[in-house]
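Since the structure comes first, as structure tokens, the remarks are kept for the end.
The values are calculated or read from the model by the stated rules, or taken from the named source; none is laboratory data. As the structure is a computational prediction, the values presented were derived from the model and not from experiment. Positions of Cβ are backbone-derived with ideal geometry, glycine not excepted, and every protein chain shown enters the neighbour counts. The accessibility values were calculated without ligands, DNA or RNA, using every heavy atom of the protein model including side chains. Shrake-Rupley method; radii C 1.70, N 1.55, O 1.52, S 1.80 Å.
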Amino acid sequence: MQNPLSALVIHDIKNALSLLEIDLEQLNHRKDTPLEGRRAYRRCIELKTRLVSFLTLYKHDQSGLQPAMVEVDLAEFIEDLVRNSQSAMMAESHHGHQIVVHADNERMKPDSAAGGFGMFDENLVELALESALNNAVRYAHRRVDVWFEQEADEIVFRVLDDGAGVGELGELMQRKIAEKSSSTGLGLALCKAVAGAHGSGSVRLESVSGGTLFTMRLRAAG
Amino acid sequence: MANLPVQGINALFSGGFIENEYVHFNKLSALVIDDISAMRHAVRSQLQSLGMNKVSVASNANDALELIKATAFDVIMCDYNLNSTSSGQHFLEYLRNENILNATSVFVMLTAEAEYSFVANAVEYIPDDYLLKPCSESKLRSRLERLIDRRAFLMPVLKALDAKQYDLAVTECNKLLDIAPDARRRMDVLRRKSDAQLALGDHLSVLETYAHAAAVRGDAPWVMMGLARTHYALGDFAQAAEMANMLVGKNKNYVAAYELLAKIRLEADDDEGAFELLNRSSVILPSARRFRSVAQAAFLLGKLEDAKSNAEAAIQLSNGSMVEKPDDYLSLAQTQVDMGDHKCAIETLEKNARKHGDVGLFGVAKGAILAQAYFDSGDHEKARKLMERSVSLLANRTDSVAMVALGKAALKTGDMVLGMKLLTQAVQVSGQDERIIARHVKKSMIDTGHADKVEDVIDGGRKRILLLVDEATKLMRSAHFTEANQKINEALGIHEENLEALMTAAQLHLLWLKHEGMDVRVVERAKAYLSTLDKLVPNNQKVMNFYRFFNDIVSN
């Protein structure tokens with residue numbers, strides 16, 4: 001895409017796709033929308049998410065991501081992430097039953113000095129966490145919890161699903177493999193790129209008691 | 001905040017919109033500004049499906065401006081990339097500068113990814129929110145719900161701000177501070193409170209507000225910037241610079257901090273340093289206003305090439321847009337004359353600036369600069385005619401910029417008496433622009449070979465007045481009102497219509513009443529100063545604010 005024409009074409013496609021998504025979104029407001037219309041909406045979202053993830057990773061490889069640091073209220077950010085998550089919305093189509101995605105207020109720990117505000121690129125972090133959420137929702141049995149923990153110089157985001165039990169490392173490994181080859185998840189690579197763009201961030205996926213825990217750490221700017 | 005289980009796919013696909021218990025979208029009006037019709041209509045249908053019935057659209061800033069002037073929209077959704085010459089950021093800057101945007105209007109900037117990091121770094125004229133476009137309806141909904149919810153909490157304050165009742169706004173802020181449920185709300189209120197106090201020119205109180213905000217969250221950029229500006233206004237340049245440098249250390253794109261540092265450099269007579277800082281901010285966030293400041297700083301430093309290229313950039317960036325200023329052509333032409341390029345100067349004014357005509361004060365300055373150019377070209381007769389026309393066009397109006405141009409032309413074409421008279425007057429009537437006009441006058445005199453008379457022309461009692469006003473300001477800010485008044489009276493004794501002295505006198509008397517309570521004599525004097533100011537500078541924003549402040553105090 002160093003070729004300016006390719007860049008232009010890709011962004012044109014992305015914009016057209018986004019407009020299509022809005023059209024389908026509006027169509028889906030109608031009660032009588034046929035199943036195909038709903039499926040088209042889902043596919044369109046998946047396709048756009050994949051394209052945006054790909055473009056983000058491509059930019060990371062070519063020139064590095066340059067995060068636009070803005071002040072974010074962490075509790076509001078998590079609440080909005082969960083509320084607007086397209087993966088969460090589409091969970092039922094994978095499982096046949098609903099997956100409850102919780103913004104877990106009990107676990108949220110704002111740092112007393114920073115007051116629950118953080119400086120980071122909210123769009124990049126949202127993209128990364130949405131991909132983690134997408135992964136969690138796929139493997140969850142019933143429930144996914146999302147929260148943040150804030151320390152003096154670090155913001156930690158966590159996504160916990162009740163999918164893999166204790167010691168089920170086999171499943172974890174499988175998931176990591178799926179993560180790499182999955183057509184929807186450019187997953188961990190994307191999360192790592194986003195964490196890395198915010199200084200010395202890190203990403204980890206581990207099996208814990210009662211499920212699997214995804215952790216993304218961002219070094220707080222300042 | 002309650003835990004929010006996500007609605008399952010059926011809930012979201014079930015049709016119709018889910019009514020929010022706080023936000024009634026059907027009562028809100030919105031304006032969508034986007035040059036791409038598909039995008040405009042997409043956003044409009046999203047807003048409509050949120051329940052908004054009154055959604056207007058505009059495809060460009062000029063149409064949007066007319067709509068905003070006619071209607072107080074609750075929500076304005078503006079695309080960042082409006083067209084090749086003006087951006088949503090320029091538009092917002094214009095709306096805020098001209099006080100067109102209601103405090104009660106929520107302004108949301110829509111940006112594409114490529115622009116986002118650039119846009120999000122803007123610090124001076126920030127919208128209420130940024131949204132990466134296009135965004136899903138559910139995201140749009142949650143963002144708007146939050147914004148409208150915050151607006152609802154602030155509503156009494158915002159209404160007072162829109163009515164320009166700043167004292168009332170401060171009172172309303174204090175009421176809200178008692179009931180603000182969390183830090184974010186408290187910070188929202190404190191920010192509006194500082195805005196109102198700044199509009200009142202009440203620096204003593206605004207410092208307390210910033211201290212209060214810093215106790216809630218000390219590292220909030222607006223608090224640091226506000227503190228830096230207030231220290232600057234109070235004459236504490238060292239502390240202002242320290243704060244501004246801290247901001248720049250945190251964010252090297254913090255343009256407002258560079259601009260304040262440039263002002264501090266100017267106070268220290270470091271013109272070169274100021275020029276470099278201004279130049280840096282115009283590179284980070286190019287705008288016609290910034291190119292203008294760089295052009296002026298460069299011109300005064302004699303860096304004519306830089307002055308020329310920045311004046312050209314200002315013209316190019318603002319051409320045909322609402323931020324266009326005919327004076328840009330005057331700066332460019334004067335620079336070209338000084339570079340010895342009278343041909344280009346004539347072309348700039350006669351050809352490129354034709355659409356701005358040649359009447360009014362613009363006509364005075366245009367004729368004066370053209371006279372210089374024709375004089376240089378050897379056509380002294382044409383120069384003489386142009387001078388005559390400009391002098392009669394100026395009549396007995398007093399305008400510093402026109403007088404500087406005409407004074408310089410008079411000196412250059414050999415009319416010493418007229419030149420000295422105009423330049424002396426230019427400084428005397430320059431009011432708040434005194435510092436910068438004095439520099440232009442000084443440069444004009446040196447350029448025309450009259451360096452020896454600079455002191456006489458610029459001073460005319462000015463230095464003494466400035467010194468007294470300065471002393472009075474310091475006394476006023478430490479609440480020594482009687483002593484401050486003595487100094488002001490002395491200053492007004494030298495030149496009774498000196499704007500700076502009159503402004504300070506008015507402000508002094510208002511603060512006096514606010515902090516020491518009612519006193520009939522002080523009220524009468526305040527009234528007298530305000531009416532003199534109203535005659536000298538009609539419709540001046542600052543004077544109007546003083547009036548409102550005065551009415552608030554007297555009615556309480």
Cleavage-rule hits (trypsin sites (Lys or Arg not before Pro)) in the stretch A:55-138: DSSP loop, at most 16 neighbouring Cβ within 10 angstrom: A:R107
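Would you kindly state the longest site-free stretch of chain B, with sites defined as GluC sites (Glu not before Pro) in a DSSP loop (not H, G, I, E, B) surrounded by at most 12 other Cβ atoms within 10 Å? Numbers along the way, then the final one.
Details: sites that count: B:E19, B:E21, B:E98, B:E496.
The reported range is B:99-495.
How large is the helix-only mean residue ellipticity at 222 nm for chain B, computed as the sum of -39500 (n - 2.57) over DSSP H runs with n ≥ 4, divided by its residue count, in deg cm²/dmol to the nearest 500? Don't jump to the answer; show the numbers that get you there.
Numbers: 28 runs with 377 residues, N = 556.
So the calculated ellipticity at 222 nm is -21500 deg cm²/dmol.
Within 11 Å, Cβ to Cβ, of B:N352, how many net charges do the neighbouring residues add up to if Lys/Arg are +1 and Asp/Glu are -1?
On the way: positive: B:K351, B:R354, B:K355; negative: B:E312, B:D328, B:E347, B:E350.
Charge balance in the 11 Å sphere: -1.
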Accessible surface of the stretch B:22-152, 1.4 Å probe, proportion on carbon and sulfur as whole %: 46 percent
Separation of the B:D129 and A:S6 label points, Cα + 7 Å toward Cβ, nm: 3.7 nm
Estimated FRET transfer efficiency when R0 is 25 angstrom, pair A:V208-A:D153 (beta carbons, to 0.05): 0.55
Probe 1.4 Å - accessible area at A:S18, Å² to nearest ten: 0 Å²
Set of lysines near B:K366 by C-alpha distance (under 19 Å), chain-local residues within fewer than 8 positions excluded: B:K308, B:K325, B:K343, B:K351, B:K355, B:K382, B:K385, B:K408, B:K412, B:K443
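In a shell of Cβ-Cβ distance under 14 Å around B:S59, excluding B:S59 itself, what net charge do Lys and Arg (+1) and Asp and Glu (-1) give?
On the way: positive: B:R40, B:R44; negative: B:D34, B:D35, B:D63, B:E66, B:D79.
Computed value for this residue: -3.
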Rounded, prolate or oblate (a/c below 1.5 giving rounded, otherwise prolate when a/b exceeds b/c) for the stretch A:37-98 by Cα gyration tensor: oblate
Value of D in µm² per second that Stokes-Einstein yields for the protein assembly as shown, Kirkwood Rh from Cα pairs, at 37 °C (0.692 mPa s): 111 µm²/s
Heavy atoms of B:K382 accessible to a 1.4 Å probe, total area in Å² rounded to 10: 80 Å²
Distance from the stretch A:1-44 to the stretch B:230-272 (C-alpha centre basis), Å: 47 Å
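Relative contact order for the stretch B:465-555: what is it in percent, counting Cα pairs under 8 Å that are at least 6 residues apart? Write out the running numbers ahead of the final one.
Details: 83 pairs, mean separation 21.9, N = 91.
After rounding, I find 24 percent.
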Label zone at B:R435, where the point sits 7 Å out along the Cα-to-Cβ direction: the stretch B:480-509 residues whose backbone N lies under 17 Å: B:499-501, B:503-504
Dipole in debye (nearest 20) - chain B, about Cα centre, beta carbon charges: Lys, Arg +1; Asp, Glu -1: 720 debye
Distant-in-sequence amide H partners of A:H102 (H built 1.01 Å from N, under 5 Å): A:V144, A:D145, A:V146
Protein-only accessible surface order, largest first, of B:S105, B:S392 at 1.4 Å: B:S392, B:S105
Between the stretch B:35-99 and the stretch B:379-404, the Cα center-to-center distance that results, in Å: 43 Å
Spacing of the two label points (7 Å from each Cα toward its C-beta) at B:N556 and A:E46, in nm: 6.4 nm
Pairwise centroid distance, computed over Cα atoms, of the stretch B:468-530 with the stretch A:64-89, Å: 52 Å
0 to 90° range, to nearest 10: angle between helix B:88-97 axis and chain B longest Cα axis: 70 degrees
The stretch A:4-62 shape via C-alpha gyration tensor axes, a/c threshold 1.5: prolate
Using alpha-carbon coordinates, inclination of helix B:481-494 to the longest axis of chain B, degrees: 40 degrees
Rounded to whole Hz, the Karplus (6.51, -1.76, 1.60) HN-Hα couplings of the stretch A:48-63, x for glycine and proline: 5, 4, 5, 5, 5, 4, 4, 4, 5, 5, 4, 5, 4, 5, 7, 10
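Using protein heavy atoms only (no ligands, DNA or RNA), what is the total accessible area buried between A and B, 1.4 Å probe, nearest 100 Å²? Show your work: numbers first, answer last.
Values: alone 12140 and 26170 Å², together 34150 Å².
The A and B chains share an interface burying roughly 4200 Å².
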B:E305-B:N251 FRET efficiency (beta carbon distance; Förster radius 30 Å; 0.05 resolution): 0.45
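For a Förster distance of 35 Å, can you work out the FRET efficiency between the beta-carbons of B:N539 and B:S478, rounded to the nearest 0.05? Mind dumping the intermediate values first?
Values: r = 32 Å, r/R0 = 0.92.
About 0.60, to the nearest 0.05.
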Nonlocal amide H pairs with B:V55, under 5 Å, H built at 1.01 Å: B:A30
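Starting from 0.36 nm per residue, how many nanometres of slack lie between B:V417 and B:N489 once their C-alpha separation is accounted for?
Extending this stretch completely gives an extra 22.7 nm.
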Label point at B:T71 placed 7 Å out along Cα→Cβ; residues across the stretch A:21-48 whose backbone nitrogen lies under 11 Å: none
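Classify chain B as rounded, prolate or oblate from the Cα gyration tensor: take a ≥ b ≥ c as the square roots of its eigenvalues, call it rounded if a/c is under 1.5, otherwise prolate when a/b beats b/c and oblate if not. Don't skip to the end; give the middle numbers.
Working: a/c = 2.17, a/b = 1.40, b/c = 1.55.
Oblate, because a/c is 1.5 or more while a/b does not exceed b/c.
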In Å², nearest 10: area of A:D32 left accessible to a 1.4 Å probe: 110 Å²
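Cβ under 11 Å from B:L227's Cβ, B:L227 left aside: what net charge do those residues give with Lys, Arg +1 and Asp, Glu -1? Don't skip to the end; give the middle numbers.
On the way: positive: B:R229; negative: B:D236, B:E242.
With Lys, Arg at +1 and Asp, Glu at -1, the net is -1.
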Under the Karplus curve 6.51 cos²θ - 1.76 cosθ + 1.60, θ = phi - 60°, whole-Hz ³J(HN,Hα) for the stretch B:320-333, x wherever Gly or Pro sits: x, 9, 6, 8, 5, 10, x, 4, 4, 5, 5, 4, 4, 5
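Among B:L304, B:L411, what's the order by accessible area (1.4 angstrom probe), most exposed first? Don't skip to the answer; put the middle values down first.
On the way: B:L304 35, B:L411 15 Å².
Ranked list, largest accessible area first: B:L304, B:L411.
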Lys/Arg +1, Asp/Glu -1 at C-beta; the protein assembly as shown dipole; positive extreme among B:A61, A:N105, B:G249: B:A61
Diffusion constant of the stretch B:22-152 at 4 °C, which comes from Stokes-Einstein with the Kirkwood Cα-pair radius and 1.567 mPa s, µm²/s: 89 µm²/s
Cα-Cα over 22 Å, subset of B:K303/B:K542; A:K192/B:K139; B:K159/B:K193: B:K303/B:K542; A:K192/B:K139
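Probe radius 1.4 Å, ligands and nucleic acids left out: which of A:F148, A:F54 has the largest accessible area, and how do the rest follow?
Details: A:F148 5, A:F54 95 Å².
Ranked list, largest accessible area first: A:F54, A:F148.
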Degrees between helix B:499-516 axis and first principal axis of chain B (Cα, 0 to 90, nearest 10): 40 degrees
Distance between modelled label sites at B:Q239 and B:I284, nm, 7 Å Cα→Cβ extension: 2.3 nm
